[in-house]
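Encoded as structure tokens, the structure appears first; notes follow it.
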Amino acid sequence: MTESEIREKSETWHFDLYKRYPLVLERAEGARVWDRDGREYIDALAGIAVNNVGHCHPKVVQAVQRQVSRLIHVSNLYYTEAQSSLAEKLASVSGFEKVFFCNSGAEANEAAIKLARKYADKTGRTGPIVSLKNCFHGRTIGTIALGKEKYRKGFGPMPTGIEHTPANDIAALEKVMSDQTAALILEPIQGEGGVVPLDQAYLERARELCDTHGALLIYDEVQCGVGRTGKMFAWQHFGVKPDVLTAAKGLGGGVPIGAVMATKEAAGVLGYGEHGTTFGGNSLASAAAGAVLDAIEEEKLCEAAREKGEWLMQTLRERTKGWSCVKGVRGVGLMVGMELTFKGAPVVEKMLEKGVLSNCASDVVMRLLPPLVITQEQLERVVDVLLESVRECDPDS
């Protein structure tokens, strides 16, 4: 098919849910993608924090090819080597004792919600699950109830028993928590919210309050997990361990998979048949995820994310010093946001014209989530294109 035919078929038959860029991508490798005309782009978005080990990483490709010829799916009524091995590996690198597999970040967070509700039921709690304002936990009814207000509009009535409190506001958190609170769920680094890391003191107080009131502490690391921040999981930066942690995106190297990790005590509230999944953790997805974790460890990609992220943030700060249109640069590892004084959508389009895939979060934050395997030369090109594009789009320049 021609490029125009592909776009026409999508626009005719697919739900009108995505404002797609006029680009048909055909192949990819590492931190590069190519369109139908053979034009090369540097990917500074990584499929929205999915391709952490790069596009079509050889280990992932080999694992998928080997698995797809042997066993793809048999359901969770039976044991499989790929899933059992992945559960052991993921528990080891995350620091948790139990793992549940599903298909996406939203499903992982839904499972965490159910776990929190069951925990509340078993401990006689009638209070809410508390979540933070400006957060994003997915697009199911349950997860939009936790998240930003704009994603809830038009989909009410929302599930009850959820309260929202401002991020990094300890006094507000102390006020909303009680002995009846079921759980507190948060992103250690808010991604869709504009790449906003939570304060160390806030996380420490959150842990203390959950312990004092007997509530579960849940971290959503769907975006910031799996090496993205320079640690396998972001909680390891802060040293404040939750009871439950959710992951997805970067875990499968592009193959859909989600996971919930929990302490043995927290996981133990769910009994046989109280939750489950048909596809979750099937052999194909588990093989891909196992290869991703191996690649991160063997190629020291956490270390690479830390070093490249530090360089990226320092360079952006130095080169935009004195720019009135840049409010600041923040992030952890290769999860970086540069906040503008104007909407960033035109910057994304300008960067695309110049051969770099990028993204804007919360309207004004240029969000950089490149593959952890991005080269220094490619990263320098991303910075040049970003700053050129900001200058060209700045309404006051």
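The residues of the stretch 88-118 that are over 15 Å from the mean Cα position of the chain (by Cα) and hydroxyl-bearing (Ser, Thr, Tyr), listed by number, are Ser92, Ser94. Residue count for the stretch 376-392 satisfying the condition of being in contact with a strand residue (DSSP E or B) (Cβ under 8 Å, 6 or more places away or on another chain) and either open to solvent by 10 Å² or more (accessible area, probe 1.4 Å) or among the small types (Gly, Ala, Ser) (or both): 2. If we keep just the residues of the stretch 103-119 that are touching a Gly at 6+ places or on another chain (Cβ under 6 Å) and either among the basic types (Lys, Arg) or in a helix (DSSP H, G or I) (or both), which is most open to solvent (accessible area, probe 1.4 Å)? Result: Glu107. Being in a loop (DSSP other than H, G, I, E, B) and of a type in the set (Asp, Glu) is the requirement here; does Glu307 meet it? No, not satisfied. Exactly one of these conditions fails for Val74: (1) assigned to a helix (DSSP H, G or I); (2) touching a helix residue (DSSP H, G or I) at 6+ places or on another chain (Cβ under 9 Å). Give me its number. The number of the failed condition is (1). Among the strands (runs of 3 or more DSSP E) confined to the stretch 319-371, the ones with at least 2 residues that are small (Gly, Ala, Ser) are located at 326-332. Out of the residues in the stretch 197-229 meeting the condition of being under 21 Å from the mean Cα position of the chain (by Cα) and hydroxyl-bearing (Ser, Thr, Tyr), tell me which one is surrounded by the fewest Cβ atoms within 10 Å (Cβ to Cβ). Result: Tyr202.
Taking the stretch 284-299 on its own, how many of its residues are under 19 Å from the mean Cα position of the chain (by Cα) and farther than 12 Å from Lys89 by Cα? Result for the stretch 284-299: 4. Val255 fulfils the conditions (1) crowded, with 24+ Cβ neighbours inside 10 Å; (2) within 18 Å of the chain's Cα centre (by Cα) except for a single criterion, (1). Tallying residues that are farther than 24 Å from Asp121 by Cβ and either open to solvent by 40 Å² or more (accessible area, probe 1.4 Å) or not hydrophobic (A, V, I, L, M, F, W, C) (or both) within the stretch 242-252 yields 3. Taking the criterion of being open to solvent by 10 Å² or more (accessible area, probe 1.4 Å) and in contact (Cβ under 8 Å) with a residue 60 or more places away in the chain, the residues of the stretch 334-354 that qualify are Glu339, Glu349, Leu352. Kindly establish whether Gly271 is of a type outside the set (D, E, K, R), open to solvent by 30 Å² or more (accessible area, probe 1.4 Å) and without any contact (Cβ under 8 Å) to a residue 12 or more places away in the chain. Criteria met by Gly271.
Within the stretch 355-375, the set of residues being polar (S, T, N, Q) and surrounded by fewer than 23 Cβ atoms within 10 Å (Cβ to Cβ) comprises Asn359, Ser362, Thr375.
The values are calculated or read from the model by the stated rules, or taken from the named source; none is laboratory data. Just so you know, these numbers come straight off a predicted model, no measurement behind them. Positions of Cβ are backbone-derived with ideal geometry, glycine not excepted, and every protein chain shown enters the neighbour counts. What goes into the accessible areas is simple: the full protein's heavy atoms, side chains included, and nothing from ligands, DNA or RNA. Shrake-Rupley method; radii C 1.70, N 1.55, O 1.52, S 1.80 Å.
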